[in-house]
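To keep things clear, I will list the structure first and then write my remarks on it.
Readers should treat all values here as calculations from the given coordinates under stated rules, not as data from a laboratory. Values in this document were obtained by computation on a predicted structure and should not be read as measured data. Note: ideal-geometry Cβ built from the backbone for every residue, glycine included; neighbour counts use all protein chains shown.
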């Protein structure tokens, strides 16, 4: 029995390291970032947005990851207190309309992080994003096993005909308090977003 | 598979149909497809026949069982294999290839 437990623990460690290896944080990714006189940032000559304050680190995916890039901040309080927001060109799901897409999306959202999360939608409203229609959803999930919770905001928008998303996750211990300031920073991020060129799919 | 499902509308434009191949049994694949909202055909390849047929190297991780590494194969309308790539599918590469094939008139 002890051997079995050891083997399972080894496997779990391996999986964790594998997932952790997908993303890196680096505030100094200067080659991908250009500042404009207006205080916005141009990312990879493709996107323009208002960046978060300097306590947020840049978060990128090395290859084949689940999102494009984003920012993260370690928050005050016990583990797992942190906030992360990203721009995702390929959000979970397939539909080209927001209603169907959000249903598909929440079947898999945060799936790799916590399969025992029970996500509940708190708020859903239409928004304008990158000059077009969008859908913003605030949801919360609680994991009684790990004694953790997460509050999240997901904004669905369009790039060409495809659905893209911006999302924020804020993790806390089950008895922790959420910090609205991260949500305000996130709203500034997606609210200021611009596409500077056509996507791959628009040029097909 | 998720990427293929997301690109189905583009495959349609390029006159392409996609099928997935897995060594899982039919019942498992039905449940998996339902849970993932996958709508394109999935072929159950429990004997490993299709893996051997397309020359996919067996996975070294599980010996004595027909498990294969991932391979993407594009077959044109004449039945000729035009594209083979191992590993995680490069969806953009696949779409560019299908676009080219469609423009050539060699519709997949």
- With region B:1-103 reduced to its Cα atoms and the Debye formula applied, log10 I(q)/I(0) at q = 0.16 1/Å amounts to -0.77
- Item | Peptide ranges B:90-102, A:37-49 listed from the most packed, as the mean C-beta count within 10 angstrom indicates | B:90-102, A:37-49
- State, to one decimal in nm, how far the label point of residue A:31 lies from the label point of residue B:39, with both points 7 Å from Cα in the Cβ direction. 4.2 nm
- Query: When the helices in chain B are scored as -39500 (n - 2.57) per DSSP H run of 4 or longer and the sum is shared across all residues, what 222 nm value do you end up with, to the nearest 500 deg cm²/dmol?
  - Reply: -10500 deg cm²/dmol
- Message: From the C-alpha coordinates alone, can you work out the Kirkwood hydrodynamic radius of region B:8-52, in Å?
- Response: 11.5 Å
- Can you check what the Kirkwood hydrodynamic radius comes to for region A:26-203, Cα pairs only, in Å to one decimal? 16.8 Å
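What is the average number of partner chain Cβ atoms found within 10 Å of a Cβ in A:87-94?
For peptide A:87-94, the averaged partner shielding equals 3.
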- Calculated FRET efficiency for the pair residue B:24/residue A:202, C-beta based, R₀ 35 Å, to 0.05: 0.45
- Cα-Cα pairs above 37 Å in the protein assembly as shown: how many percent? 25 percent
- Task: Give the percent of DSSP beta bridges with both residues in chain B that are antiparallel, rounded to the nearest 5.
- Result: 65 percent
